[in-house]
Amino acid sequence: MAPAILPILWVTLGGLFVIGGLLFTHLLPSLLHSKLLPLGSFGWPLLGETMRFLQPHSSAALGSFLQDHCSRYGKVFKSHLFLSPTIVSCDPELNNFILQNEDRYFQGSYPKPVHGVLGKNSLLVVVGETHKRLRTMALALVNATKANPGYINDIETMATYVMTRWKGKEEVYFCDEARKFTFSVIVKQVLGLSPDDTTTAVILRDFRTFMNGLISFPLYIPGLPYARAVQARTRIASAVKDILEERARSMGASPCNGGQDFLDVLLSVGNLSDEEKVSFVMDSLLGGYETTTLLLAMAVHFLGQCPAALDQLLSEHRNIRDDRDENQPLSWDDYKKMEFTQNVINESLRCGNIVKFVHRKALIDVRFKDYLIPSGWKVLPVLSAVHLDPSLHGDPSTFNPWRWEGQNQTASKKFTPFGGGTRLCPGSELAKVETAVFLHHFLLNFRWRPAAEDVPIAYPYVEFPGGLPLKVEPIDGE
Ligand code: HEM
């Protein structure tokens, strides 16, 4: 008898599980706020619409999920994502309202597994007073980095270092090369290490594991990417701790060593624990690495499709080179002359959508226009939707750097590649300088063309699946 009952028992339990899931994740939230909620659908029990939301698509487009939902329900809709009832916003006004009201009505709320990889002190995951305290420090460190007289020269040295290694090569995978560059820059800026340093190579290897884990399925099983990422983070943190201790010792031995670099500033602040200092370095390494790599790759990708923009950019950089003595390094004045370069960078950010959306939750019931955003719900401002909105950017799917001529180049309601409000990316300027300096040397020293079709895909973490292969040929037999 017993074996015959078992299947019935399983089916009944399964049914109860689904009904229970539906009740708690879908029906209750809807019933509690039924009238005022934006339109939308919750999808499957528990998982909701997460799988459809995460479906890969070109990062220069909205993707079928957002397209379908916006045309069916409008720019603000309800859904069930990342195990939580969610309000998704593709509306520039609401996005701006959310970003500007951090800690008042909304708060950063990254999924728990992200905390596991980034660590509990990461700027991206801390909230409230701790966020305020750590962020003040982050801004001071960015300023110290920019004020360092060797800053732009270090970037230039790393760019030419990477390109000298292309000697004899006809083809390069641009994403790999850009990664070597951005990693060398950030490791030099933050830890004072050169690309040839053995510690740099060790950290770089662990960093790749770490990055893979950030985008993996978040289940801690030893040997699988998520667990390997958490372990890689521990190893990087321990290497960083050693470097910090070593620097603290040498500062103690000779306290007045001239200029203040990133580590000097970091070590001299009193209100940060050792753990927070290590986490700070990790944030800078992580923030300054993959995103800047992607910005460079986006610029090259879109320029490869727009010969008129490439011509104009090339002539801007030739003029800058011709205006100064041979072998004289680039200066801030040269950087300021790169006006069309800034247009290309902005347009690459707009079309490339390196960060598609950010994670927030509502702290209280919030009324916005006719909608209610219930307390405790997840809120996802979709940054890419604003960049691709035809009412804000004419012909949004066309790469057109000239649209930025005479326009406000900084963040605005219709352009938020670096987020906004009190979580606005502290590294935005650093990323732009790196991109401009690399492009300067790349364009002046190489003829190049795409070696194969490769488009950036939002998984939603953006990636060039083929690594952006390029045919390269040195100009003037370099
Ligand atoms: C093209 C390059 C970059 C893009 C597109 C980008 C994008 C963003 C975005 C959208 C946010 C806001 C996240 C949120 O609101 O939840 C952010 C925050 C952040 N970014 Fe960037 N970023 C870039 C480069 C950098 C660089 C170079 C650094 C460091 C050197 C950096 C460090 C950070 C940090 C630490 C935060 C957290 C800020 C906070 O929560 O207060 N980023 N970034």
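Filtering the stretch 418-426 for residues that are within 9 Å of the ligand (Cβ to nearest atom) and in contact with a His (Cβ under 9 Å, 6 or more places away or on another chain) leaves a non-empty set.
The set of residues in the stretch 105-143 that are of a type in the set (Phe, Trp, Tyr) and more than 18 Å from Ser284 (Cβ to Cβ) comprises Tyr105, Phe106. Condition check for Leu123 on (1) crowded, with 17+ Cβ neighbours inside 10 Å; (2) touching a Gly at 6+ places or on another chain (Cβ under 6 Å); (3) of a type outside the set (Gly, Ala, Ser): one failure, at (2).
Picking from residues in the stretch 304-347 that are assigned to a helix (DSSP H, G or I) and aliphatic (A, V, I, L, M), the one that is surrounded by the fewest Cβ atoms within 10 Å (Cβ to Cβ) is Ala308. Candidates are the residues of the stretch 170-193 that are away from the ligand (no atom under 15 Å from the Cβ) and modelled with pLDDT of 95 or more; the one that is nearest to Ser250 (Cα to Cα) is Glu177. The requirement of being within 30 Å of Leu36 (Cα to Cα) and more than 13 Å from the ligand (Cβ to nearest atom) is satisfied by Arg367. Restricting the search to helices (runs of 4 or more DSSP H) fully inside the stretch 18-113 and requiring at least 2 residues that are farther than 20 Å from Ile457 by Cα and at pLDDT 90 or above gives 64-73, 92-100.
In the stretch 261-296, the residue that is modelled with the lowest pLDDT out of those that are polar (S, T, N, Q) and surrounded by fewer than 22 Cβ atoms within 10 Å (Cβ to Cβ) is Asn271.
Given the structure, is Glu156 away from the ligand (no atom under 13 Å from the Cβ), part of a helix (DSSP H, G or I), charged (D, E, K, R) and more than 25 Å from Arg208 (Cβ to Cβ)? Against the criterion (away from the ligand (no atom under 13 Å from the Cβ), part of a helix (DSSP H, G or I), charged (D, E, K, R) and more than 25 Å from Arg208 (Cβ to Cβ)), Glu156 qualifies. Scanning the stretch 427-476 for residues that are within 13 Å of the ligand (Cβ to nearest atom) and of a type in the set (Val, Ile, Thr) yields Val433, Thr435, Val462. Regarding the stretch 252-260, can at least one residue be identified that is in the same structural domain as Met158 (by TED's automatic domain parsing) and either modelled with pLDDT of 95 or more or crowded, with 20+ Cβ neighbours inside 10 Å (or both)? No, there is no match, as no residue in the stretch 252-260 is in the same structural domain as Met158 (by TED's automatic domain parsing) and either modelled with pLDDT of 95 or more or crowded, with 20+ Cβ neighbours inside 10 Å (or both).
Is the stretch 354-361 home to any residue that is buried (at least 21 other Cβ atoms within 10 Å of the Cβ), under 25 Å from the mean Cα position of the chain (by Cα) and over 12 Å from Ser59 (Cα atoms)? Within the stretch 354-361, one or more residues are buried (at least 21 other Cβ atoms within 10 Å of the Cβ), under 25 Å from the mean Cα position of the chain (by Cα) and over 12 Å from Ser59 (Cα atoms). From the list Glu347, Glu339, the one residue that fits, being under 22 Å from Leu296 (Cα atoms), at pLDDT 95 or above and touching a Phe, Trp or Tyr at 6+ places or on another chain (Cβ under 7 Å), is Glu347.
Selection over the stretch 306-347 of residues that are farther than 18 Å from Phe442 by Cβ and within 13 Å of the ligand (Cβ to nearest atom) gives a count of 1. Could you give every pair whose Cβ atoms fall below 6 Å, whose first residue belongs to the stretch 281-293 and is over 18 Å from Pro465 (Cα atoms), and whose second residue is more than 7 Å from the ligand (Cβ to nearest atom) and modelled with pLDDT under 85, counting only separations of at least 6 or pairs across chains? The qualifying pairs do not exist here.
In the stretch 348-361, the residue that is farthest from the ligand (Cβ to nearest atom) out of those that are over 20 Å from Val455 (Cβ atoms) and assigned to a loop (DSSP other than H, G, I, E, B) is His359. Among the residues of the stretch 373-407, how many are of a type in the set (Gly, Ala, Ser), touching a residue at least 40 places away in the same chain (Cβ under 8 Å) and more than 30 Å from Glu102 (Cα to Cα)? Looking only at that region, the number is 1.
The values are calculated or read from the model by the stated rules, or taken from the named source; none is laboratory data. All values derive from a computational prediction rather than experimental measurement. Cβ sites come from the backbone with ideal geometry, for glycine too, and all protein chains shown count toward neighbours.
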